[in-house]
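In what follows, a single structure is set out as structure tokens and then discussed.
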Amino acid sequence: MPMSIERTRIVVVGCGASGVIAAANLARALGQAGDVLVVERGGAPGLGLAYATRDPNHLLNVRAANMSAFPNDPDHFVRWLQKRGPDFGAGGVTPFCFVERRVYGAYLGDLFEGATMDGVQLIDAGAVRIEPWRDGVEVQLDDGTSIVADAVVLATGHDPKPPRQDGVADAWTPGALDGIGRDDEVIVIGTGLTMIDTVLSLDSRGHRGPIRAISRRGLLSAVHAAVEPRPIPASAIPFGAPLSQLLHCLRRHAADAAASGADWRSTVDALRPHTRRLWQAMSTDQRRRFLRHARAWWDVHRHRMAPAIARRIEALRETGRLEIVTGRVLGAAPGPDGTELRVRLRGTQADTRLVARRVIDATGLPCGPFASPNPVIAHLVADGHARPAPLGFGLDLADDAALIARDGQVSDRLFAVGPLGRAAFWEIIAIPDIRQQCADLAEDLAGRLGGRRKRRVAR
């Protein structure tokens with residue numbers, strides 16, 4: 001008996017933040033000619049790793065004014081928040097406020113519900129394989145059915161890290177904090193924003209034991225402040241220059257800002273429209289050097305804490321409950337008293353042994369496409385329809401977000417948005433960058449696909 005296959009215009013694989021924003025922008029671009037199917041097994045739309053949290057301590061690290069899903073409607077989220085925020089206890093809404101991440105998850109849910117009014121449909125199934133055809137793309141699902149589309153947008157977000165066997169728990173794994181006693185010592189590997197989430201969650205659970213957070217440079221994220229925009233023209237940026245020259249340029253602009261009474265944050269924020277071009281102008285060797293030597297400094301200045309969170313972290317440090325340690329983790333292993341870490345502290349030549357009841361990993365880029373546990377990504381790479389970017393922590397994409405195959409062919413039907421493109425575009429994990437990418441791709445696909453309509457086919 002022939003299997004009935006749905007034929008549609010666009011399939012979005014993934015319904016986390018990237019998938020919802022992609023679907024919403026596609027709905028706006030396509031209008032009543034919609035025909036967009038979003039594929040995701042279980043879970044509520046928008047609630048991926050970041051926004052599924054129910055912990056009220058987990059706040060957005062981007063001000064509300066920058067969190068709209070639509071670049072041409074920058075107040076969309078603030079208007080929603082003013083209307084729906086009281087339902088979640090979010091009062092005193094201002095463009096500079098930093099709301100709970102669960103509230104933004106609710107916004108994404110409402111956004112998706114609105115998109116369904118414009119032809120977007122959610123398919124409760126998991127995609128397992130994607131096969132390009134001459135006149136379309138087949139998306140094979142885990143329920144044995146398939147969808148054939150004119151184009152597919154991959155929006156699967158961050159892959160989880162593979163399970164560790166050395167006694168270290170991943171901060172993003174459900175249950176990572178379960179079973180920790182009130183006075184147990186905890187070590188967190190990493191001192192970025194994920195560490196901060198972890199520490200605040202421990203504190204809210206009643207943990208009162210010592211927490212040590214360790215990283216190679218011992219840097220904490222800077223704190224947000226209400227600053228005025230201070231644009232930097234592209235002509236003032238030396239694209240393709242050595243990292244030392246780029247750093248000198250950034251410092252000069254920051255000094256000029258300070259001399260005029262502005263703030264260094266204005267300079268860092270002014271680079272946002274240029275970061276993609278800066279990254280793409282670098283050679284592979286320059287990118288590798290950036291990741292090794294400059295990434296930590298960039299991250300702490302670019303991805304900042306909400307002021308309320310910074311005050312709580314400072315209080316924990318002042319009382320001695322949180323200690324920031326500078327050093328390099330060399331190894332870990334389960335021991336009789338917990339997990340044992342072998343570290344090289346800054347300024348020492350000998351290894352130091354640290355023991356804690358629980359050690360939590362809050363560091364690192366997600367695993368690359370070759371190690372992806374997502375069957376869609378794994379098959380695309382194995383089948384040659386996609387290839388990892390040169391540094392290996394994301395897919396290789398063309399400027400329009402199209403996948404590049406193993407043989408270098410640029411697809412005209414397969415695209416990726418959000419964190420999957422981090423190796424190609426670098427700054428593509430925050431909502432302001434994702435929404436722009438999704439809006440650009442939606443307009444492009446609307447123009448490419450014209451008036452094709454869905455139909456039923458059989459094989």
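What follows is calculated from the coordinates using simple rules that are stated; it is not laboratory data. Everything numeric in this text was worked out from a predicted model, so none of it was measured. In this analysis, Cβ positions are derived from the backbone assuming ideal geometry, glycine residues included, and neighbour counts consider all displayed protein chains.
Pull out a ≥ b ≥ c, the square roots of the eigenvalues of the alpha-carbon gyration tensor of region 70-140, then state rounded if a/c is under 1.5, prolate if not and a/b is larger than b/c, and oblate in the remaining case.
Note, shape of region 70-140 comes out prolate.
In this structure the amide hydrogen of VAL223, modeled in the peptide plane, comes within under 5 Å of the amide hydrogens of MET305, none closer than 5 places in sequence on its chain. Between ALA52, PRO273, ALA398, the Cα set farthest toward the positive side of the dipole of the chain (charges on each charged residue's Cβ, about the Cα centre) is that of PRO273. Applying 0.36 nm per residue to the separation of GLU228 and ARG311 and subtracting their alpha-carbon distance, the gain on full extension is 27.6 nm.
What whole-number value in cubic angstrom gives the convex hull volume per residue for the C-alpha atoms of the chain?
Numbers: hull volume 77.4 nm³, N = 459.
In the chain, the Cα convex hull volume per residue is 169 Å³.
With both residues required to sit in the chain, DSSP beta bridges show an antiparallel share near 45%.
Around the amide H of GLU427, modelled in the peptide plane, lies no amide H under 5 Å away from a residue 5 or more places distant or on another chain.
Please state, as a whole number in µm²/s, the translational diffusion coefficient that the Stokes-Einstein equation yields for region 234-302 at 37 °C and 0.692 mPa s, with Rh defined as the Kirkwood radius across alpha carbon pairs. List each step's numbers first, then the result.
Working: Rh = 12.5 Å.
My calculation gives 262 µm²/s for D.
With the biggest extent put first, the Cα atoms of region 1-132 measure 60, 30, 24 Å across the principal axes.
Taken one residue at a time, the phi angles of region 431-446 give Karplus couplings (6.51, -1.76, 1.60, θ = phi - 60°) of 4, x, 7, 5, 5, 5, 4, 5, 5, 4, 5, 4, 5, 5, 5, 4 Hz. Gly and Pro are set to x. Close amide-amide hydrogen proximity is noted between LEU345 and ARG328, THR352, each under 5 Å apart and 5 or more residues distant or on a separate chain (H modeled in the peptide plane; Pro and chain starts excluded).
By how many nm would the segment from HIS248 to ARG79 lengthen if fully extended, with 0.36 nm per residue of separation less the alpha-carbon distance? Show your work: numbers first, answer last.
Numbers: separation 169, 0.36 × 169 = 60.84 nm, distance 3.98 nm.
That pair, HIS248 and ARG79, stretches by 56.9 nm at full extension.
How far is helix 307-318 tilted, in degrees, relative to the longest principal axis of the Cα atoms in the chain, given as a value from 0 to 90 rounded to the nearest 10? In the chain, helix 307-318 runs at an angle near 30 degrees to the longest axis. If only the Cβ of Lys and Arg carry +1 and only the Cβ of Asp and Glu carry -1, the dipole of region 314-358 around its Cα centre is close to 140 debye.
Converting phi to 3J(HN,Hα) with the Karplus coefficients 6.51, -1.76 and 1.60 and the offset θ = phi - 60°, region 97-103 yields 6, 10, 8, 5, 5, 5, 5 Hz in sequence order, with x at every glycine or proline.
A simple rule links phi to the HN-Hα coupling: the Karplus curve 6.51 cos²θ - 1.76 cosθ + 1.60 with θ = phi - 60°, which for region 337-351 gives 10, x, 10, 9, 10, 9, 10, 10, 6, 4, x, 10, 9, 9, 6 Hz, with x for Gly and Pro.
Think of region 234-302 as a dipole: +1 on every Lys or Arg Cβ, -1 on every Asp or Glu Cβ, centred on the Cα centre; then among ALA262, PRO238, THR284, THR284 lies furthest on the positive end. Taken about its Cα centre, the chain carries a charge dipole of roughly 900 debye when the Cβ of each Lys and Arg holds +1 and the Cβ of each Asp and Glu holds -1.
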